[in-house]
Amino acid sequence: MQFTHEHREIQATLKRYIDEHINPHVDEWEAAEIFPAHEVFKGLGQLGLLGLTKPEAFGGAGLDYSYSLAMAEALGHIHCGGVPMAIGVQTDMATPALARFGSDELRAQFLAPAIAGDMVGCIGVSEPGAGSDVSAIKTTARKDGDDYVISGQKMWITNSLQADWMCMLVNTSEGPAHKNKSLVMVPLRENGKTVKGFEVGQKIRKIGMNSSDTGLLFFDEVRVPQRYRIGAEGAGFIYQMQQFQEERLWAAASCIQSLSNCIQWTVDYAQDRQLFGATLADQQWVQFKLAEMKTEVESLRALTYQACEHYVAGEDVTEWATMAKLKAGRLNRLVPDTCLQFWGGMGYTWENKVSRMFRDGRLASIGGGADEVMLGILAKTMGLQKSSLRR
Ligand SMILES: Cc1cc2nc3c(=O)[nH]c(=O)nc-3n(C[C@H](O)[C@H](O)[C@H](O)COP(=O)(O)OP(=O)(O)OC[C@H]3O[C@@H](n4cnc5c(N)ncnc54)[C@H](O)[C@@H]3O)c2cc1C
């Protein structure tokens with residue numbers, strides 16, 4: 001896959017916005033453990049960056065997924081992982097199913113304002129008792145007249161301290177766990193107030209991604225019209241698995257630039273740092289490690305671009321997106337850890353940019369499907385799992 005002039009223009013526009021409106025505030029937002037999502041998203045929305053692949057009828061640009069990939073990559077210029085992740089939730093995690101399967105009414109009410117940057121969205125899949133095993137979620141949407149009445153808990157939800165709505169996976173009936181779920185659009189806040197029955201139980205403190213707010217949320221008989229369901233009843237598990245493909249492609253693409261930055265910062269530092277009568281970069285061990293990691297990051301780029309090419313061609317990319325996400329998780333542990341070592345004590349300080357990557361990047365092996373979940377999917381696509389485990 002080759003980026004065109006248009007891809008590069010989108011990246012340049014985003015980078016200018018990052019340099020002017022995001023990076024100067026990142027340290028402050030990291031310390032506050034939240035960033036002003038409405039303000040940042042409004043700016044991105046005005047530049048047309050929140051709906052690159054979304055339908056033009058709802059304010060999107062109607063482009064193919066390679067443009068989303070170009071944007072995800074350029075988000076790596078942000079000096080932390082939390083703000084890019086929050087933006088990715090809005091563009092590639094909470095909205096793909098809504099854009100593809102939502103009714104026109106739902107898309108006008110929730111997608112168009114999300115693309116314009118007037119509303120902040122979040123994706124509610126995980127719960128205290130169900131993360132890797134999505135089929136085990138307990139939150140229910142009981143039918144009452146024309147409404148659903150939703151009760152349960154959602155945990156680890158990015159953007160949820162500020163979000164106006166949630167794309168929520170709920171059980172809409174009894175029955176087999178892969179056929180009883182639906183995705184429902186749930187308003188969380190209206191006119192600055194939380195809706196009746198919805199409560200933030202806790203803002204979760206984390207070792208990294210600090211500028212991104214993460215919530216434990218309670219739903220006690222929250223009422224939404226049944227027409228807020230995305231697509232067919234009972235198809236939610238399948239829709240979410242499809243939505244995960246974009247989340248995983250995005251996760252892989254969004255770390256290519258930041259991993260490259262981490263290596264380059266360390267090259268610069270090693271060339272400057274004096275020890276034993278030479279520079280740190282004069283040590284062949286350091287040279288070889290840095291060279292090897294650059295090769296690994298370029299392998300991730302090649303894999304992710306290839307996955308994207310297949311996706312743009314309309315193919316099922318379960319296997320490609322899974323491999324790219326797995327590789328991204330692995331490199332987010334290897335690269336910042338190895339680089340941090342070369343910074344010595346400086347790498348162990350809180351403010352150091354490599355140490356922030358070390359903390360932020362650790363999530364890549366856990367969120368959006370842990371490494372082991374990726375390996376399980378690959379084992380299945382390779383026909384390796386025992387027949388009793390095949391679903
Ligand atoms: C900062 C942050 C932001 C997040 N944002 C969101 C969000 O916006 N929306 C949302 O819905 N969720 C979100 N999540 C949740 C995230 O997707 C889950 O944490 C993740 O899916 C893992 O689930 P779990 O934490 O319940 O771990 P568990 O499911 O309990 O798994 C624990 C560990 O078990 C291992 N494991 C899992 N499966 C297997 C297996 N088959 N074989 C062997 N080992 C295995 C893995 O090492 C895994 O890390 C977020 C999480 C974090 C930390």
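Determine, yes or no, whether Gln2 is modelled with pLDDT under 95 and open to solvent by 30 Å² or more (accessible area, probe 1.4 Å). Spelling it out, Gln2 is indeed modelled with pLDDT under 95 and open to solvent by 30 Å² or more (accessible area, probe 1.4 Å). Summed over segment 169-183, residues that are crowded, with 18+ Cβ neighbours inside 10 Å, of a type in the set (S, T, N, Q) and touching a residue at least 40 places away in the same chain (Cβ under 8 Å) total 3.
Restricted to segment 184-214, and to residues that are assigned to a strand (DSSP E or B) and among the polar types (S, T, N, Q), which residue is surrounded by the fewest Cβ atoms within 10 Å (Cβ to Cβ)? Steps first, answer last, please.
First, the residues of segment 184-214 that are assigned to a strand (DSSP E or B): 184-187, 189-190, 193-194, 198-203, 214.
When the remaining residues are screened for being among the polar types (S, T, N, Q), the result is 194, 202, 214.
On the way: Thr194: 14, Gln202: 11, Thr214: 25.
Among those that are assigned to a strand (DSSP E or B) and among the polar types (S, T, N, Q), it is Gln202.
The residue of segment 350-380 that is most open to solvent (accessible area, probe 1.4 Å), among those that are within 11 Å of the ligand (Cβ to nearest atom) and outside any helix (DSSP H, G or I), is Ile366. For first residues located in segment 94-106 and more than 13 Å from Thr53 (Cα to Cα), partners that are away from the ligand (no atom under 16 Å from the Cβ) and open to solvent by less than 10 Å² (accessible area, probe 1.4 Å) and lie 6+ apart or on another chain with Cβ distances below 9 Å form the pairs Gly102/Phe110; Gly102/Leu111.
Restricting attention to segment 37-49, does a residue exist that is under 25 Å from Ala324 (Cα atoms), within 18 Å of the chain's Cα centre (by Cα) and part of a loop (DSSP other than H, G, I, E, B)?
In the first step, residues of segment 37-49 are kept if they are under 25 Å from Ala324 (Cα atoms); the result is 49.
Adding the requirement that they be within 18 Å of the chain's Cα centre (by Cα) leaves 49.
Then drop every residue that is not part of a loop (DSSP other than H, G, I, E, B), which leaves 49.
Checked against the condition, which is being under 25 Å from Ala324 (Cα atoms), within 18 Å of the chain's Cα centre (by Cα) and part of a loop (DSSP other than H, G, I, E, B), segment 37-49 yields at least one hit.
Taking the conditions (1) open to solvent by 10 Å² or more (accessible area, probe 1.4 Å); (2) away from the ligand (no atom under 16 Å from the Cβ); (3) assigned to a helix (DSSP H, G or I) in turn, Ser135 satisfies each one other than (2).
Please verify whether Met166 is near the ligand (Cβ under 10 Å from one of its atoms), open to solvent by 10 Å² or more (accessible area, probe 1.4 Å) and out of contact with any helix residue (DSSP H, G or I) (no Cβ under 9 Å at 6 or more places or on another chain), treating the condition exactly as stated. It is false that Met166 is near the ligand (Cβ under 10 Å from one of its atoms), open to solvent by 10 Å² or more (accessible area, probe 1.4 Å) and out of contact with any helix residue (DSSP H, G or I) (no Cβ under 9 Å at 6 or more places or on another chain).
The values are calculated or read from the model by the stated rules, or taken from the named source; none is laboratory data. Predicted model only: the values in this text are computed from it and were never measured. Here the Cβ is made from the backbone with ideal geometry for all residues, glycine too, and neighbour counts use every protein chain on show. Only protein heavy atoms, including side chains, enter the accessible area calculation; ligands, DNA and RNA are left aside. Shrake-Rupley method; radii C 1.70, N 1.55, O 1.52, S 1.80 Å.
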